1. Which of the residues that make up the stretch 456-480 are open to solvent by 50 Å² or more (accessible area, probe 1.4 Å), under 22 Å from Ala597 (Cβ atoms) and charged (D, E, K, R)?
2. Inside the stretch 402-521, counting only helices (runs of 4 or more DSSP H) that do not spill past its ends, which hold 2 or more residues that are under 28 Å from the mean Cα position of the chain (by Cα) and modelled with pLDDT under 85?
3. If you take the residues of the stretch 1-34 that are in a loop (DSSP other than H, G, I, E, B) and polar (S, T, N, Q), which of them is farthest from Met80 (Cα to Cα)?
4. Please verify whether Asp380 is acidic (Asp, Glu) and either touching a Cys at 6+ places or on another chain (Cβ under 7 Å) or at pLDDT 85 or above (or both), treating the condition exactly as stated.
5. Could you check Ser271 against (1) within 30 Å of His208 (Cβ to Cβ); (2) in contact with a helix residue (DSSP H, G or I) (Cβ under 9 Å, 6 or more places away or on another chain) and say which number it fails?
6. Report whether or not Val220 is over 26 Å from the mean Cα position of the chain (by Cα) and closer than 24 Å to Tyr426 by Cβ.
7. What number of residues in the stretch 327-350 are farther than 23 Å from Pro384 by Cα and assigned to a helix (DSSP H, G or I)?
8. Just a yes or no: is a residue in the stretch 239-247 within 19 Å of the chain's Cα centre (by Cα) and either within 19 Å of Gly417 (Cβ to Cβ) or buried (at least 17 other Cβ atoms within 10 Å of the Cβ) (or both)?
Amino acid sequence: MRGNGKIIQRLEASFRGAGWNVVKVVWGREWDPLLAADRDGALVHLMNATPDGDYQTYRANDGAYIREHFFGRDPRTRRMVENLSDDDIWKAQAGRARLPEDVRRVPGGHAAHRAADGGARADHQGLRPRPALRRPQRHPPDEEGDARRPEACCATACASRSATSRLEADPYLPPYYHPGEQDETIQYLRERRTKLGGSLPARRTTGHQVPLPADSTYDVVKRGSGKQQVATTMAFVRLLKDLMRDKELGPRVVPIIPDEARTFGMDSFFSTAKIYNPHGQNYVSVDADLMLSYKEAVDGQILHVGINEAGSVAAFTAAGTSYATHGQPMLPVYVFYSMFGFQRTADSLWAAADQMTRGFLVGATAGRTTLTGEGLQHADGHSPLLASTNPAVVSYDPAYGYEIGHIVKDGIRRMLGEQPEDVFYYLTVYNEPIVQPVEPEGLDVASLLRGMYLLAPAETTEGRPRVRLLASGVAVPWALEAQRLLAQDFGVAADVWSVTSWNEPAPRRAGCRRAGVPRARRGATVPFVTQQPAGPSGSGGRGVRLHACGAGPDPPVGAGRLRDAGRRRLRSVRHPARRPPALPHRRVPSARCSRLAARGEVDASVPRDAATKYRLLDVTAGTSGNAGGDA
């Protein structure tokens, strides 16, 4: 409340703006004769023009003061009270306004107050919630004439002073009105509060247990794509569609899309899951002629909050914490251009972590050169690095669809299983089409989930120098091609490791280092990364150098860093943009031979010969990866 304002007008605007009907209870019945005599509206104008600060002052003074400073401001209103004594003026001013009878007798005041609205307006609006607003007033002067102390202000009592049932309160506190525990209003309030979860906020983590999807749900990504080239973004969307078909989990999946649903291949969701809108769809969409046109519905499942990443994270947080706020676990899946995630909303995602949100963040069409035609706004190679700063985030950078299947399956188990964890997942998925392989037999799923697994061991190792190549995401096919070139052109045996997460091994390494300090005499614990077969190593992906350093700072002896991480650069077409200083399959053999030469395992001229052979300094030589994509 402000002295220069009128709080009752502000509240009326707020409630009416929210669709409520409003009954303003301002003046008591003692004013009826004066208002009836106000034929030219002078008194009503005076009432409307008087700010709340003046009303508080009148309340603290006597009738003579009100005659002079209120009615005396207009000759017409001064004449209206000429025949009234100061006591009569005071009594009129001190009279309490009463709620209309049909508002008072209904719990909560939610009555069809037709007398106030009248006619057709009441028929249309009578069932809306109805607040009763009363102008705040101070107590009248007490025996010592003190009505100016702040604690005497009573802005909430809306009952007559003559009410007999009143709380016994401290004399310095306002005498709030209480109709008694058996009053229907009190009973209504207590019933509603109980249904809303009680009087005090509380986290409820023992809600409904959701049966997890069957293993067959993930077959769509395990069986590969045959001869068809499919980006990992599309592979994830195919899996998401099958998860939404699951009888138990499906209705609890909440897809959140701020933009570019068609780019992600999610337009097929429109006709089935539909976009949630509490008012349905009252317009004809511009793509109505398409089979996969926009469809909004009251029972829609997709949240499309517009191009609004902050609002999307808010929706993600609300759905991801519903297990505690409503006792109903949900699975939000927020899909966005990877550059528009942690870079724009990292602070909100920290807040989501503080609220113990659970769900999936999916940075789609990722990569530093995926959408070069649109400039640097899509040159994302650092989202996983930003994700690593949030302790609640479990971050993965999968290369193939079957890897995504195991990661999502384990994520659902960890977040919705019998012992749910307060984490949320970040998945990097790409826009570069590749042939998705069938899941290998005997796949080491445990190592995949821990961050890296042996994807393709060298075919022949006897009598050959040996290296290992670590790659993630779209760099894995390049590493496989580099493996072939090393064996074919230089007789070097290379093992290719798919690094599904550069971040996941880091906490375990840090724990091993801390554990090694007090146990130095007994021997330090060996981190998971360094437990793998030794040899000169190279790590590669589509991120920044520091991201690959997630495989350190305890790398095997002879490990090197190969990153697509140079200075920012723009090219007119995608191939040259990915060439220098990227990680194509022809650059890897030269770098690995340099390591072997440093160890004395190959001649020092071999790296130079490789650079010449593969034209590494020629930006127009060769290709790197697939130039295709949906955007």
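The values are calculated or read from the model by the stated rules, or taken from the named source; none is laboratory data. Bear in mind that the values here come from a model prediction, so they are computed numbers and not experimental data. Cβ atoms come from the backbone with ideal geometry, glycine included; neighbour counts cover every protein chain shown. Only protein heavy atoms, including side chains, enter the accessible area calculation; ligands, DNA and RNA are left aside. Shrake-Rupley method; radii C 1.70, N 1.55, O 1.52, S 1.80 Å.
1. Looking only at the stretch 456-480, we keep the residues that are open to solvent by 50 Å² or more (accessible area, probe 1.4 Å), and these are 457, 459-464, 466, 480.
Narrowing further to those that are under 22 Å from Ala597 (Cβ atoms): 460-464, 466.
Result: Glu462, Arg464, Arg466.
2. Numbers: elements: 445-450, 475-490, 505-516.
Counting at least 2 such residues, we get 505-516.
3. Filtering the stretch 1-34 down to residues in a loop (DSSP other than H, G, I, E, B) leaves 1-6, 18-22, 26-28.
Cutting the leftovers down to polar (S, T, N, Q) gives us 4, 21.
Numbers: Asn4: 26, Asn21: 33 Å.
Within the stretch 1-34, the match that is farthest from Met80 (Cα to Cα) is Asn21.
4. Values: acidic (Asp, Glu): yes; either touching a Cys at 6+ places or on another chain (Cβ under 7 Å) or at pLDDT 85 or above (or both): no.
Spelling it out, it is not the case that Asp380 is acidic (Asp, Glu) and either touching a Cys at 6+ places or on another chain (Cβ under 7 Å) or at pLDDT 85 or above (or both).
5. Status for Ser271: all satisfied but (2).
6. Working: over 26 Å from the mean Cα position of the chain (by Cα): yes; closer than 24 Å to Tyr426 by Cβ: yes.
Yes; evaluated as a whole, the condition is true for this residue.
7. First pass over the stretch 327-350, keeping only residues farther than 23 Å from Pro384 by Cα: 327-330.
The next check asks that each one be assigned to a helix (DSSP H, G or I); those that pass are none.
Total satisfying the criteria: 0.
8. Of the residues in the stretch 239-247, the ones within 19 Å of the chain's Cα centre (by Cα) are 240.
Add one more test, that the residue is either within 19 Å of Gly417 (Cβ to Cβ) or buried (at least 17 other Cβ atoms within 10 Å of the Cβ) (or both), and what stays is 240.
So far as the stretch 239-247 goes, yes, one or more of its residues are within 19 Å of the chain's Cα centre (by Cα) and either within 19 Å of Gly417 (Cβ to Cβ) or buried (at least 17 other Cβ atoms within 10 Å of the Cβ) (or both).
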